[in-house]
Amino acid sequence: MSSSSSHRRQSGLPRRDFLYGLGASLGSVAFSSMMAAENPLASKTAAVPAKAKNCIFLMMSGGPSHIDTFDPKPKLNELHLQEFTRQGESKSAMESGKRYYVQSPFDFIKAGESGADIATNWENLAGVVDKICFYRGCQVDSVNHPTAMYQMNTGNRFGGDPAIGSWVTYGLGSINQDLPGFVVLPDVAHPQGGAANWGNGFLPAHYQGTPLRPKGAPILDLKPRSEFDRDHQRKNLDLLSELNRTHAEQHPGHDELSARMSAYELAFRMQTQVPDLVDLGREEQHILDLYGVGSAPTDVFGRKCLMARRLVEKGVRFVQAYAGTWDSHDYIARAHGNLVEQVDRPIAALLLDLEQRGLLDDTLVVWCGEFGRSPDNGIRGGTAYGRDHNPKAMTIWMAGGGVNAGHTVGATDETGSEAVDCVHHVRDMHVTLLQLLGLDDNQLTYFHGGRYKQLSQFGGTVIEELLA
């Protein structure tokens, strides 16, 4: 599904855009006419057979350690505190600061009928591992948090490109026209790189993520002032729409105005749905208990996971929930231990709840960070062992719609330094995610900056081993 600019020639777009558009495929022309429709978020037909219709993306920002969660390395027990040097590292670099191998502070078990490797502090997730496909072969390009976050979330480590959720809603539209198609559940402090992690980039503004505030009112000013009833609001919006439409006719080709007009209408419709949707008090007590809502330390992420289920249940296409930060350069036993305690129960509850409601088959659940961790670190303060950033090895797992559940795919070397089996760049992970949702990365393009752009940047390969 490509977006052509030929249909917008009369809207004042540059001549070069028009000429490029003339060469568009029939698929491009067809999609262009769809995009020209009054509602750009109208639900669209999948380009390829879809295994899932929506996605919940659990983002563990900061880089969780694969070695201390789902990829045990017994070799590190032998090498613990032995000096570590990277192959080809200069003498001056070695002398500037010695580094040492660090064993995991966590024990591991083989859980479920699949015998999946999992650290013992994942007590709840261990009970649902047979629903999960663990992938150990993914690699990224950057060791810096902001650029790695951008690459994981948008495909481009330099920022400015559309987020995955934006691409998905661009390609498939929104299931529920009274709610945003792409919703984000951030932490109080935004992740490194900020809101650009869920921005629309060069796509029209309709496709940007809508963040729900983690504290206070999820959306500011959603409830109208008491002196304005809905009839009054409707008349105001009708007048505003008429004025904006006149302005748009005089200044064609401005997506921002069209998006703002749509946003006003969506906000009006959301007033009837969102208050009930975000009221977790409507859930039965056993469901709140399942997610750990109301209990420390699971309350915060439990609310996000429960909210994610409620959102996809109501037809939101893509939900991203953040939990962090996992950037454990020291005291990894304490840091990762505390974080696992916060997310383990809610994540397991999410998978169980989705399955019990018949939603798991249609919902793709993804768990990842922006990169993995190294098997070594400098030793600071005796037992303050931690790990550095590692773009060459990480664990990502998926559950739900169409994934190869109950399997572990790929492998890292004996110390967890680098992926060595079923190795794929993150672009292939993105292509696979789109495929599961019924989208072809090579067709899901948008003309910008003189060329057609896509999530993978320049194409990728579906990781067939991850598919059921």
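The values are calculated or read from the model by the stated rules, or taken from the named source; none is laboratory data. All figures in this text were calculated on a predicted structure; none of them were measured in a lab. When we count neighbours, we look across all protein chains shown, and the Cβ atoms used for this are built from the backbone with ideal geometry, even at glycine.
Within region 87-109, residues that are surrounded by fewer than 10 Cβ atoms within 10 Å (Cβ to Cβ) reach partners that are modelled with pLDDT of 50 or more and not acidic (Asp, Glu) with beta carbons closer than 8 Å, at six or more positions or on different chains, in the pairs Gly97/Gly378; Asp107/Ala119; Asp107/Thr120. State all residues of region 123-132 that are surrounded by fewer than 24 Cβ atoms within 10 Å (Cβ to Cβ) and touching a residue at least 24 places away in the same chain (Cβ under 8 Å); if no residue qualifies, say none. Listed by number, the residues that qualify are Glu123, Asn124, Gly127, Val128, Asp130, Lys131. Checking each residue of region 114-121 against the condition of being within 30 Å of Gln457 (Cβ to Cβ) and in contact with a Lys or Arg (Cβ under 7 Å, 6 or more places away or on another chain) gives no match. Selection of region 148-158 for residues being among the polar types (S, T, N, Q) and crowded, with 20+ Cβ neighbours inside 10 Å yields Gln151, Asn153, Thr154.
For region 314-359, a residue qualifies if it is within 17 Å of Asn377 (Cβ to Cβ), surrounded by fewer than 24 Cβ atoms within 10 Å (Cβ to Cβ) and not small (Gly, Ala, Ser), and the qualifying residues are Thr325, Trp326, Asp327, His329, Asp330, Tyr331, Ile332, Arg334.
State all residues of region 187-203 that are buried (at least 16 other Cβ atoms within 10 Å of the Cβ), under 14 Å from the mean Cα position of the chain (by Cα) and either closer than 23 Å to Tyr452 by Cβ or hydrophobic (A, V, I, L, M, F, W, C) (or both); if no residue qualifies, say none. Listed by number, the residues that qualify are Ala196, Trp198, Gly199, Asn200.
Counting only strands (runs of 3 or more DSSP E) that sit wholly inside region 353-462, those with at least 2 residues that are in contact with a helix residue (DSSP H, G or I) (Cβ under 9 Å, 6 or more places away or on another chain) are 363-368, 396-400, 407-409, 445-448, 451-453.
Exactly one residue out of Ser65, Ser43, Ser32 is at pLDDT 50 or above, within 32 Å of the chain's Cα centre (by Cα), surrounded by fewer than 21 Cβ atoms within 10 Å (Cβ to Cβ) and hydroxyl-bearing (Ser, Thr, Tyr), and it is Ser43. Checked against (1) charged (D, E, K, R); (2) more than 22 Å from Arg317 (Cα to Cα); (3) without any contact (Cβ under 8 Å) to a residue 24 or more places away in the chain, Asp441 passes all but condition (2). The condition of being closer than 23 Å to Thr412 by Cβ and in contact (Cβ under 8 Å) with a residue 60 or more places away in the chain holds for only one of Ala46, Ala148, that being Ala148. Residues that are closer than 30 Å to Val102 by Cα and surrounded by fewer than 17 Cβ atoms within 10 Å (Cβ to Cβ) do occur in region 362-378.
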